Amino acid sequence: GRISNFLAMEELDGNDHEASVSKEETPMGMPLAKASSLLLMEDASFAFMRQHSTSENQHVFELQRLCLQVSTGELVGVVGSVGCGKSSLLLAMLGEMRRIAGTSV
């Protein structure tokens, strides 16, 4: 199935952060549907907010000025050191963080 195909994929060079993908199929060999953007962020900033008793919102943590485009069928990996914001990026992509600037669709 899909997991077997994924595990059988050729390994990439650790220094190569971009993999070439055929225009007709996804990295796992599945037919590529429409080459449209599945996710698009332009100069987007996201924050976790903390409510204060004075009704002011305080930004506890922010991801700032993200520019990201993911097209249908692309395989994307998120890598980085502990605490650099990988999980927060995924939460922002899922709409679980408040967008405070820019666009995200």
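For this structure, a couple of remarks:
- Every residue from segment 55-105 that is outside any loop (DSSP other than H, G, I, E, B) and charged (D, E, K, R): E62, R65, K86, R98, R99
- Selected residue (only one of M41, M28, M49 is part of a loop (DSSP other than H, G, I, E, B), surrounded by 10 or more Cβ atoms within 10 Å (Cβ to Cβ) and either at pLDDT 80 or above or on the phi < 0 side of the Ramachandran plot (or both)): M28
- Scanning segment 57-64 for any residue that is modelled with pLDDT of 85 or more, within 22 Å of T103 (Cα to Cα) and of a type outside the set (A, V, I, L, M, F, W, C) turns up at least one such residue.
The values are calculated or read from the model by the stated rules, or taken from the named source; none is laboratory data. In this text, all values refer to a predicted model and were calculated from it rather than measured experimentally. Methodologically, a virtual Cβ is constructed for each residue, glycine included, from the backbone with ideal geometry; neighbour enumeration extends over all protein chains shown.
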